[in-house]
Amino acid sequence: MKGISDHLEIKNCQVIEISDLCGCAVEKPDEIRKLFNGSDDFLIIACYPRSVSLLLGKCGIEIKSLNLNYINFRELNNIQIFKEIDTFLESEEGSRKPDYLSYNNEWPSWFPIIDNSRCNSCGQCSDFCLFGVYEKIDNKVVVVNPKGCKYNCPACARICPQIAIIFPKYEHSGAIAGSETFDELAEQRRQNSDIDTILGTNIYKALEMRKAKRQSIIRSTAMQQAIVEREKALAEKNPNQ
Ligand code: SF4
Ligand code: SF4
């Protein structure tokens, strides 16, 4: 992004820099919402617009009420990006007032987002995930525990029958990374083969087994927590032991 920052600086325009939209969408949704408060036109330089708009929606931003323009830096080179910035700025006036929202944490902010325009609430992802990232609430599957997601594991996206799960930080291009222009048939073929590889031929049995395994993980975690709590309580009661 260095070349892009330099170009924006030369252009003397107002810039809001968000160091990690994924991380900020989970940790600082209110602050992100405040940044988009107003009726300005925005030019967003980030990854796939589909991912970005879903992340902004996750922060409670009414995407439809804003004039958002996107530049996807995953698919354009710097020369193309500068050209698009210049075209956008031709209609914009303003002085540079940098704003910076950063997210610095150990957590790599790797988690799934669901494109509700595609999801049919089948629940396959929540049955599949061993770490309680998803939950079915009022017949709708939602991401309730993004931090539970295992870094670099996009497995649930690979088996989603609706191709509705996005990992914005997925290193490859295509539907899982949030691309809006993908070959539906090719993705279906990819998904069928991924299901065979990941779940085998009896999907329902495999999902049932994963569900049982998740419950056993939850039980054992709860048990460990109870033991820790009990030991803590005993140590407080008998401090000299
Ligand atoms: S597997 Fe896909 S379609 Fe099914 S609930 Fe999950 S996100 Fe929605
Ligand atoms: S990627 Fe893996 S850990 Fe993350 S939500 Fe999907 S199944 Fe769960």
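The values are calculated or read from the model by the stated rules, or taken from the named source; none is laboratory data. All values reported here derive from a predicted model rather than from experimental measurement. Virtual Cβ from ideal backbone geometry, glycine too; neighbours counted across all protein chains shown.
For the range 113-134, enumerate the residues that are farther than 21 Å from Ala177 by Cβ and either within 11 Å of ligand 1 (Cβ to nearest atom) or aromatic (Phe, Trp, Tyr) (or both).
From the range 113-134, those farther than 21 Å from Ala177 by Cβ are 120-123, 126-127, 130-132; that's our starting set.
Asn120, Ser121, Cys122, Gly123, Ser126, Asp127, Phe131, listed by residue number.
The rows are residues; the columns are (1) over 30 Å from Cys47 (Cβ atoms); (2) not in a helix (DSSP H, G or I).
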{"residue": "Cys125", "(1), (2)": "no, no"}
{"residue": "Lys150", "(1), (2)": "no, yes"}
{"residue": "Ala157", "(1), (2)": "no, no"}
{"residue": "Gln162", "(1), (2)": "no, yes"}
{"residue": "Glu171", "(1), (2)": "no, yes"}
{"residue": "Arg190", "(1), (2)": "no, no"}
{"residue": "Lys232", "(1), (2)": "yes, no"}
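When the range 135-145 is filtered for residues that are within 9 Å of ligand 2 (Cβ to nearest atom) and modelled with pLDDT under 95, only Asn145 remains.
Does Tyr170 satisfy the condition of being within 16 Å of ligand 1 (Cβ to nearest atom), of a type in the set (Ser, Thr, Tyr) and at pLDDT 90 or above?
Values: within 16 Å of ligand 1 (Cβ to nearest atom): yes; of a type in the set (Ser, Thr, Tyr): yes; at pLDDT 90 or above: yes.
Yes, satisfied.
What number of residues within the range 189-204 satisfy the criterion of being among the polar types (S, T, N, Q), farther than 18 Å from Arg50 by Cβ and modelled with pLDDT of 85 or more? Don't jump to the end; show me each part of the working.
Applying the first criterion (among the polar types (S, T, N, Q)) to the range 189-204 yields 191-193, 197, 201-202.
Right, trim to farther than 18 Å from Arg50 by Cβ and you get 192-193, 197, 201-202.
Then keep just the ones that are modelled with pLDDT of 85 or more; that gives 192-193, 197.
Of the residues in the range 189-204, 3 are among the polar types (S, T, N, Q), farther than 18 Å from Arg50 by Cβ and modelled with pLDDT of 85 or more.
Name the residue that is surrounded by the fewest Cβ atoms within 10 Å (Cβ to Cβ), counting only residues in the range 136-155 that are over 13 Å from the mean Cα position of the chain (by Cα) and under 12 Å from Ile114 (Cα atoms). Among those residues, the one meeting the criterion is Lys140.
Yes/no per residue for (1) buried (at least 17 other Cβ atoms within 10 Å of the Cβ); (2) within 22 Å of Cys122 (Cβ to Cβ); (3) outside the structural domain of Leu55 (by TED's automatic domain parsing); (4) not acidic (Asp, Glu):
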| site | (1), (2), (3), (4) |
| --- | --- |
| Phe167 | yes, yes, yes, yes |
| His172 | no, no, yes, yes |
| Ala186 | no, yes, yes, yes |
| Ala222 | no, no, yes, yes |
